[in-house]
Amino acid sequence: QVQLVESGGGLVQAGGSLRLSCAASGRYAMGWFRQAPGKEREFVTAISWSGGRTYYADSVKGRFTISRDNAKNTVYLQMNSLKPDDTAVYYCAAIKFDSGGPYYTEDEYDYWGQGTQVTVSS
């Protein structure tokens, strides 16, 4: 069973930064989704198995950066210029067999982490 362990969430003021980590028990194409209170879960960003391709939701382009350290089987989400609208539970997810992208939909993902809360105060 694949395990995904997220860390790095917390409370930050608007304009601040946070870095989320997701440690996996293997190497997979990975993505981050988020779910705000009363809203559906939405795609944030994803990275291919090799790390050579990345994808972002329009709402986070230029502010968030996804990266990976394949030696550690860990994916990172660097979040800068945070806004109150970024407040959500952030989930990392893994795709068992990399289809080539762009990994936008939840159905493409086979494994999910428990989620980590990110709260941005105004």
### Task
Assess whether Asp85 counts as being modelled with pLDDT of 95 or more and either buried (at least 20 other Cβ atoms within 10 Å of the Cβ) or not in a strand (DSSP E or B) (or both).
yes
### Message
Just to be sure I understand the filter: pairs with C-beta atoms under 6 Å, separated by 6 or more residues or on different chains, first member in the range 27-45 and farther than 22 Å from Gly101 by Cα, second member modelled with pLDDT of 95 or more. Which pairs pass?
### Response
Ala36/Ala88
### Message
Return the pair list, or none, for Cβ contacts closer than 6 Å from residues in the range 102-115 that are within 12 Å of Arg41 (Cα to Cα) to residues that are not hydrophobic (A, V, I, L, M, F, W, C) and not in a loop (DSSP other than H, G, I, E, B), at least 6 apart or on different chains.
### Response
Gly115/Tyr91
#### Entry: Hey, Tyr55 surrounded by 15 or more Cβ atoms within 10 Å (Cβ to Cβ), closer than 20 Å to Tyr103 by Cα and in contact (Cβ under 8 Å) with a residue 60 or more places away in the chain or not
no
### Message
Quick check on the range 50-82: of everything there that is of a type outside the set (Ser, Thr, Tyr) and outside any loop (DSSP other than H, G, I, E, B), which residue is nearest to Ser121 (Cα to Cα)?
### Response
Met79
### Message
Being among the hydroxyl-bearing types (Ser, Thr, Tyr), open to solvent by less than 20 Å² (accessible area, probe 1.4 Å) and more than 21 Å from Val118 (Cβ to Cβ) is true for just one of Ser48, Ser25. Which residue is that?
### Response
Ser48
### Query
Since Val75 meets every condition but one in (1) surrounded by 14 or more Cβ atoms within 10 Å (Cβ to Cβ); (2) modelled with pLDDT under 95; (3) within 20 Å of Val2 (Cβ to Cβ), which condition does it not meet?
(2)
### Task
Sort through Trp32, Trp49 and tell me the only one that's of a type in the set (Phe, Trp, Tyr) and either more than 12 Å from the chain's Cα centre (by Cα) or at pLDDT below 95 (or both).
Trp49
### Task
Could you tell me whether the range 94-106 includes any residue that is at pLDDT 95 or above and closer than 17 Å to Val120 by Cβ?
no
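The values are calculated or read from the model by the stated rules, or taken from the named source; none is laboratory data. Nothing here was measured: the structure is a model prediction, and the numbers come from that model. Note that each Cβ is placed from the backbone with ideal geometry, even for glycine, and that neighbours are counted across all protein chains shown. Heavy atoms of the whole protein, side chains included, go into the accessibility calculation; ligands, DNA and RNA do not. Shrake-Rupley method; radii C 1.70, N 1.55, O 1.52, S 1.80 Å.
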